[in-house]
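No value in this document is a laboratory result; all are computed from the given coordinates. Because the structure is predicted, anything quoted here is derived from the model rather than measured. Cβ coordinates were reconstructed from backbone atoms using ideal geometry, including for glycine residues, and neighbour counts include every protein chain displayed.
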Amino acid sequence: MDSIKAPPGNWACKVLSSRIPKTGEPYHEAFELALGAPIEHWGQQYAPSGPVKADVCFEFVNERVLAVVSVRAAFTLPCSRCLRETGVEASGELKYLFSLRPTRDSAAPDGCGAPEEDGDVDVIQVDSFQAELDVTQCVWEALLLSLPEGALCSPDCEGLCPICGKDRNEGDCGCRYDDLDPRLAVLRGLDV
């Protein structure tokens, strides 16, 4: 099965700009998105166990639109130690600020409207607010950044034997670990 490295073509995370209240109240839009193939990221394959659920909260802030993107999804991938298929949950949140103003002019004089200065908001410069705001790429980015680098089938996973490759969770393989590289013999006496 092929893997994907970009949002699937059938993803459409758009909201009508007219639905976002100009008075500053938040507006939520939920998306349930299918992944037809595993995601290739961190050098491994994340096989989806269900749909990606995204919630995006839009809010007008100083004539700009703040979008808080929250994602949740379940995946399976090999355990980092023993290679058994393991389920993992991915969840995360990113903030984006759609702005008509250049970022150098985005700080408000009173200092209360510049969340991008905290370093936790990505500013997306737009020429105009179209009839729709497309946050598909934002949802994809939030999903990728929420993926764990690896997974363990259990915290006490024994992993694979480095000599014979047997899964040590299934029992002792009988391999001897006494044959230490003589260059590392001095480390045997260390008390850690």
Query - Label-point gap, in nm, between residue 80 and residue 137 - each point 7 angstrom along Cα→Cβ - result: 3.1 nm
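At 4 °C and a viscosity of 1.567 mPa s, what translational diffusion coefficient does Stokes-Einstein give for the chain, taking Rh as the Kirkwood radius over Cα pairs? Give it in µm²/s as a whole number.
64 µm²/s
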Query - Extension gain from residue 129 to residue 32, taking 0.36 nm per residue of separation minus the Cα-Cα distance - result: 32.5 nm
Report summary line: Low-density loop GluC sites (Glu not before Pro), region 1-68, at most 15 other Cβ within 10 Å, DSSP non-H/G/I/E/B, are 63
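Is it possible to state the helix-based mean residue ellipticity at 222 nm for the chain, with each DSSP H run of 4+ residues giving -39500 (n - 2.57), the sum divided by total residues, to the nearest 500 deg cm²/dmol? What is it?
When only DSSP H runs of four or more count, the value is -1500 deg cm²/dmol.
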Query raised in the report: Once fully extended, how much extra length lies between residue 156 and residue 188, figured as 0.36 nm per residue of separation less the alpha-carbon to alpha-carbon distance?
Result: 9.2 nm
Query raised in the report: Quick one: how many lysine pairs in the chain have C-alpha atoms under 23 angstrom apart, if they're 8 or more apart or on different chains?
Result: 8
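Neighbouring Cβ atoms within 10 Å as the yardstick, rank 75, 129, 60 fewest first. Spell out each step's value before the answer.
Working: 75 22, 129 16, 60 19.
Lowest to highest Cβ neighbour count: 129, 60, 75.
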Query raised in the report: Is any residue of region 140-171 close enough, with backbone N under 16 Å, to a label point placed 7 angstrom from the Cα of residue 181 along the Cα-Cβ axis, and if so, which?
Result: 162-163
Query raised in the report: Which residues does a label at residue 14 reach in region 120-143, if reach means a backbone N under 16 Å from a point 7 Å past the Cα toward the Cβ?
Result: 128-139
Report task. Give me the distance in nm between label points sitting 7 Å out from Cα along the Cα-to-Cβ direction at residue 91 and residue 63, one decimal. Result -> 3.8 nm
